[in-house]
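Presented below is the structure to which this report refers.
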Amino acid sequence: MSAVGNYDFLAPQRILFGWGRWSEVGPLAARLGRRAVLVVGSRTLEAAGFVDELKEVLRRAGVEPVHLATVMQEPSVAEVDAAAARVREISRGDDLVLAVGGGSAIDLAKAVAALATNRAGSSVRDYLEGVGRGLQIVDPPLPVVAMPTTAGTGSEATKNAVISCTSPSVKKSLRSDGMMPRAVVIDPQLAVSLPPSITAETGMDAITQLIESYISRKARPIPQALAADGLWRALPAIVEAVEDGSSRAAREAMAQAALLSGMALANSGLGMAHGVAAALGVHCGLRHGLACAVMLGPALGVNRQVTEAELAQLAQAARLVGDVPAPTAAEALIERVEDICRRLRVPRRLSEVGVRPAQIPDLVRDARGNSMDGNPRSLSDEELTRILEGHL
Ligand code: NAD
């Protein structure tokens, strides 16, 4: 019998999931405010007229839409500060922030909602973990409604926002329990317009989050149960979602898996793949999902010995094996992940994504932080250097 211990579990108050359900956001938003400040994360959806339709749905529910920003990559400190200043300027006390987009848009919305009501700092930088002045989000943020249009980050169900910072060059989180989105509308149909490459990368982000949160040293029973279910859905679906982007079953499976990965990681932490992925984003310009995909194999190799039992449980939950010994089951999971990476043409070596040997010290230094703290094995700088050099 394994010990459970004390833990908290945090999740959005309301989740609407389902194909074609995006239009239900009107009444949902109306319960939270009278004006929706919009953060949009896709020019494709804008050009297709979706954002105009969304505004109409809001108006019909008595909510006035105001376009705040369109963002297609990790929000920067300057972007967050400018957007937060604008929201403070126009604020009239009945606003909510509505994000429709990938993790970048949802994170910008969460950060803006927090800064709009917390004015102790002059910049979001003051609140960022590890680089800021250690300021905390103390006042409740504006309510956030998240509508993901990628299936990867799970940011719709986490309490942090990843912000890129230039001095020093790092990606760090603004984090607070109050930043958990109040309501989430997950309509897998919104991801149909995603190109195959982004479907692959974001899907691999979700798979990495599901596995890393399950084996994390901060893992707990509820998030583990969610992660196991998510992996069972994602493993058979990801290649189909990439090869046939209009497959309803595959898009639904990936959207559900991404949501579960967010709920899991918000309550369990992550590990080495995500720690290094953040540093790869900063120093090598890699998109987050691609960086996770490249690092998942190495992270599984590094942690395999100490997490064999957990990897075997995941293999069984995903129905990859029957009643076989743990080493065989763990191997089956690792092989399945390798097979998916081969089929999605995920680069195997860091040099293939432009990493140079001289960058390794920076990667090792900036891989430290919240994600790395969850890694099942503690890794010294020397060991992490050897691991990264071994995958160059
Ligand atoms: P993204 O939001 O950066 O979007 C990637 C690309 O896809 C963009 O060009 C975007 O415009 C496009 N796009 C989005 N939806 C589309 C659609 N339906 N059709 C066509 N194009 C579309 O990518 P992402 O992977 O979802 O988010 C990455 C960000 O999320 C990173 O900044 C990462 O650090 C962050 N993140 C946050 C958390 C968290 O818990 N807060 C967790 C993991 C990652």
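The values are calculated or read from the model by the stated rules, or taken from the named source; none is laboratory data. Small disclaimer: the values here were computed from a predicted structure and weren't measured. No Cβ is skipped: glycine too gets one built from the backbone with ideal geometry, and neighbour counts run over all protein chains shown. Ligands, DNA and RNA are excluded from the accessible area calculation, which covers all protein heavy atoms including side chains. Shrake-Rupley method; radii C 1.70, N 1.55, O 1.52, S 1.80 Å.
Odds and ends about this structure:
- If only the Cβ of Lys and Arg carry +1 and only the Cβ of Asp and Glu carry -1, the dipole of region 235-392 around its Cα centre is close to 340 debye.
- Accessible surface, the chain, averaged per residue in Å² (probe 1.4 Å): 40 Å²
- Structure-based [θ]222 nm, the chain - -39500 (n - 2.57) summed over DSSP H runs of at least 4, per residue, nearest 500: -15500 deg cm²/dmol
- Shape of region 242-316, Cα gyration tensor, a/c cut at 1.5: oblate
- Counting DSSP beta bridges with both ends in the chain, the antiparallel % (nearest 5): 25 percent
- Membrane-span-like helices of the chain, defined as complete DSSP H segments with a Cα extent of 27 Å or more along the helix axis and a mean Kyte hydropathy of at least 0.0, are identified as 196-215, 221-243, 248-268.
- Region 5-11 - phi-based ³J(HN,Hα) in whole Hz, Karplus 6.51/-1.76/1.60, Gly and Pro as x: x, 8, 7, 9, 9, 10, 8
- Taking the DSSP beta bridges with both ends in region 69-213, the antiparallel portion is around 45 percent.
- Anisotropy class of region 1-158 from Cα gyration tensor, a/c 1.5 cut: oblate
- Simple spin-label estimate for Glu56 and Ala309 in nanometres, 7 Å along Cα-Cβ: 5.7 nm
- Among Gly26, Gly102, Val112 the positive-end extreme of the charge dipole of region 1-143 (Cβ point charges): Gly26
- Overall dimensions of the chain by Cα: Rg and Dmax, Å: 20.0, 62
- Rounded to the nearest 20, the Cβ-based charge dipole of region 180-240 about its Cα centre (Lys and Arg +1, Asp and Glu -1) stands at 380 debye.
- In nm, spacing of pseudo-spin labels at Phe9 and Ala48 (7 Å Cα→C-beta vector): 3.4 nm
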